[in-house]
Amino acid sequence: MKSLGTFGPYGGCYVSELLIPVLSEVEEAFLQYKDDPAFKKELNALLRDFAGRPTPLTELKTLGKESGCRIVLKREDLLHGGAHKTNNVIGQALLAKRMGRSELIAETGAGQHGAATAMAGALFGIPTRIFMGAKDIERQRPNVQRMKLFGAEVISVESGSKTLKDAINEALRYWTAHSSTSYYLFGTVAGPHPFPQIVAHFQKVIGEEARGQCLKQFGKLPHTVCACIGGGSNAIGIFRAFLGDREVRLVGAEAGGKGLKSGKHGAALCKGRPGSLHGSRSYCLQDEDGQILEAHSISAGLDYPGVGPEHSALKDSGRVEYRAITDRRALDAFFRLTEKEGIIPALESAHALAAAFVVAKSLKPDDILLVNLSGRGDKDLDHIMSSPNHHAKKYLP
């Protein structure tokens, strides 16, 4: 490989030697095409004409007044497909097409990445196979239906916790056996090199747009930027544009689940320690013997025991502050945004919004608090309405 793919002590490529040649081939293709004028022209045209970029900024008038500062959303929920995942899948699907691959495979948790990959498969005419945990299939049926409508085969993973971690395991096993014909369209900034770099490259458009939009619309940069963290692609996508602006505070919201003391959470950065998971070294949830623990979250997209290696480096450097947001706080934020502003956020994004409400207490009235609304919440409605919380009960018949 041309690069070790490390972020300080994190990252790398710790996989079966059978996958090293194909990962090297993926890296070479990425380095060849990422700055190629024809590739960039096709990608930008698709992001504009198919996906609907640029996505707008929306200022929350009611919640901003209640919170004591200016809260602004970066509306990735308005992207075609309903989430930021579309940015990455279009880029990687184009890469797979250039490499001559005849099949796309992907893992998915909340189903947004699976639906986006299936959508890209339909767009480019490439057969698609999606690995999804059986537990996630039950709580994300709308996205499963969308994947099938796009013509993808959805494979239920029955092993382990039946969630995202296990879907990645099965996808990697399949890819090992079919690497000459399949392209593994990885969904987040985790996994073995070069995936953390590839996904970050295709998601950086979020932050580049948001930074320019803030300067144009408000005449200044935001005081704070908040984003949710599972694997962490939407967060890296928006954070990267502000890393050099030391005056801009960056806050990542992890899945606190039932609470950090309960042991039922997905907060790898807040409660984990460095270890190896899915081919790279990063913070992850593990026991004293280094065995990976199950993650817990009301949000399927944040139900992951690890995190991207770049986030681990940003945590150690202190450049980004990471907070664990409980299920209860995320649900409260979900209903506040829906009832007060007419926007239904994904449960993942609701974690970022909940963190923003906490941060807002220390800000001034004219400070801009930018929240990456990474996806819309249509996919979560059945799950939310069946959960035992006081908000949902009033909407039930």
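Read through the list (1) closer than 30 Å to Glu247 by Cβ; (2) surrounded by 24 or more Cβ atoms within 10 Å (Cβ to Cβ), then give the number of the only condition that Asp303 fails.
Unmet condition: (1).
Assess whether Ala356 counts as being of a type in the set (Gly, Ala, Ser) and more than 18 Å from Gly263 (Cα to Cα).
yes
Counting only residues that are assigned by TED's automatic domain parsing to the domain that holds Arg336 and more than 30 Å from Gly100 (Cβ to Cβ), give me the helices (runs of 4 or more DSSP H) lying completely in region 1-81 with at least 2 of them.
Passing ranges, in order: 61-67.
Does region 156-182 hold any residues that are within 22 Å of Ala83 (Cα to Cα) and not in a helix (DSSP H, G or I), and which are they?
Result: Thr163, single match.
Assuming Asp136 fulfils every condition listed in (1) closer than 27 Å to Ala29 by Cβ; (2) at pLDDT below 95 apart from one, which condition is it?
Looking at each condition in turn, Asp136 falls short on (1).
Out of (1) touching a helix residue (DSSP H, G or I) at 6+ places or on another chain (Cβ under 6 Å); (2) part of a strand (DSSP E or B), the odd one out for Gly275 is which?
Result: Gly275 fails condition (1) only.
Filter region 234-251 down to the residues that are among the β-branched types (Val, Ile, Thr) and more than 16 Å from the chain's Cα centre (by Cα) and list them by number.
Of everything in region 234-251, just one residue is among the β-branched types (Val, Ile, Thr) and more than 16 Å from the chain's Cα centre (by Cα), namely Val248.
Of all helices (runs of 4 or more DSSP H) completely enclosed by region 306-397, which ones contain at least 2 residues that are more than 17 Å from the chain's Cα centre (by Cα), at pLDDT 95 or above and under 27 Å from Ser280 (Cα atoms)?
Answer list for region 306-397: 309-317.
Out of all the residues in region 97-122, which are part of a helix (DSSP H, G or I) and either among the β-branched types (Val, Ile, Thr) or buried (at least 24 other Cβ atoms within 10 Å of the Cβ) (or both)?
If the condition is that a residue be part of a helix (DSSP H, G or I) and either among the β-branched types (Val, Ile, Thr) or buried (at least 24 other Cβ atoms within 10 Å of the Cβ) (or both), then Gln112, His113, Gly114, Ala115, Ala116, Thr117, Ala118, Met119, Ala120, Gly121 are the ones that fit.
Please go through region 363-382 and pick out each residue that is among the polar types (S, T, N, Q) and surrounded by fewer than 24 Cβ atoms within 10 Å (Cβ to Cβ).
Matches in region 363-382: none.
The values are calculated or read from the model by the stated rules, or taken from the named source; none is laboratory data. These numbers were taken from a predicted model, which means no experiment stands behind them. Please note: Cβ atoms are built from the backbone with ideal geometry, for glycine as well, and neighbour counts cover all protein chains shown.
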